[in-house]
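*Asks:* Structure incoming, see below.
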Amino acid sequence: MTSKSSGLSGTHTLFQVSTSGALVAGLFSGVVSCRALLQHGDFGLGTFANLDGELVVVDDHVYQVRGDGTVSEAPADAEAPFAVVTRFDPDVDSHVTDLESFAILEEYCDKARLSSNIFYAFRLDGIFETVRTRAVSPSLNHGRLIDAAKAQVEFSFNNIAGSLIGFWSPGFSSAFSIPGYHFHFISNDRRHGGHLLACSAKALRLRSEPLTDFHLALPENEAFLKADLSKNSADELAYAEKAH
Ligand SMILES: [Zn+2]
């Protein structure tokens, strides 16, 4: 750890609330407010209490992309059951071209990473030729995350200016995090967004930041304290993240 990455200064720290396994197990109650999230970062993603949409933190604002596709700035007291934020301070700032698919975008991000054993924040900005997203909706029928994934609504956008806000997490973090890439999209006009499923672009600005401090805040509510989280949730999580 270099002096620059000291967690004491709050830089290069990934702040995560709850675990991916808790989300998979259906613990959808809010455990952190948007106001509190912004105290730990200006950049990030997550979901809202009762799965009322996808959460995107960009430039110190929290946006809520609901299941009906509408986007609004989340109230400061709106709560999230799961979120990951950081203070975005990139050390790579480059341009990438001919991103014909999400897979190619991931290859560019791979090249920007020096290691597979630390976390990274990634931000890509520009005009996207195509973007496909989804957003979860609240439902009384949600048992586990996989049930919500089956009911999610998808959106397609063409020639849209926007940003991808995301993280790369190492494989060993799958016990509590979402391994690999995880992006949320938000349009420049803040009217469209969601959890990214696919995209393409001619050229984008790519910025990334290595994150070597990890702060995990665990819920103290009864549902979390009493839940059985001993089961490996990786397969269910992978399905819920990629289902469409
Ligand atoms: Zn997501």
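*Asks:* For Asn188 and Lys226, calculate 0.36 nm times their separation in residues minus their Cα-Cα distance, and state this gained length in nm to one decimal.
*Replies:* 9.5 nm
*Asks:* Out of His95, His40, His195, any idea which swings most in a Gaussian network model of the chain, alpha carbons joined below 10 Å?
*Replies:* His95
*Asks:* Determine how many Å³ per residue the convex hull of the Cα atoms of the chain encloses.
*Replies:* Normalising the Cα hull of the chain by residue number yields 113 Å³.
*Asks:* Keeping every protein chain present and rolling a 1.4 Å probe, give me the accessible area per residue for region 11-242 in Å².
*Replies:* Per residue, region 11-242 has 43 Å² of solvent-accessible surface.
*Asks:* Taking only Cα atoms and a 10 Å spring cutoff, compute GNM fluctuations for the chain and point out the largest among Val31, Val56, Val92.
*Replies:* Of the options given, Val92 has the highest mean-square fluctuation.
*Asks:* Now a separate question. Mean residue ellipticity at 222 nm from the helices of the chain, using -39,500 (n - 2.57) per DSSP H segment of n ≥ 4 over the full residue count, to the nearest 500 deg cm²/dmol?
*Replies:* Calculated mean residue ellipticity at 222 nm is -4500 deg cm²/dmol.
*Asks:* Then there is this: Highest GNM mean-square fluctuation, the chain, Cα pairs closer than 10 Å: which of Phe157, Phe167, Phe48?
*Replies:* Phe157
*Asks:* What is the percent carbon and sulfur in the accessible area of the chain, measuring with a 1.4 Å probe over the protein chains and ignoring ligands?
*Replies:* 51
*Asks:* While we're looking at this one, here's another question. Let me check against my output: what whole-number percent is the relative contact order of the chain, with C-alpha pairs under 8 Å and at least 6 apart?
*Replies:* Reported relative contact order: 29 percent.
*Asks:* Hey, what does the equivalent ellipsoid look like for region 158-238, semi-axes from the Cα gyration tensor as sqrt of 5 times each eigenvalue, largest first, whole Å?
*Replies:* Ellipsoid semi-axes (Å, largest first): 31, 16, 14.
The values are calculated or read from the model by the stated rules, or taken from the named source; none is laboratory data. Please read these numbers as outputs of a predicted model, since none were measured by experiment. These accessible areas exclude ligands, DNA and RNA; they are computed on the full protein's heavy atoms, side chains included. Shrake-Rupley method; radii C 1.70, N 1.55, O 1.52, S 1.80 Å.
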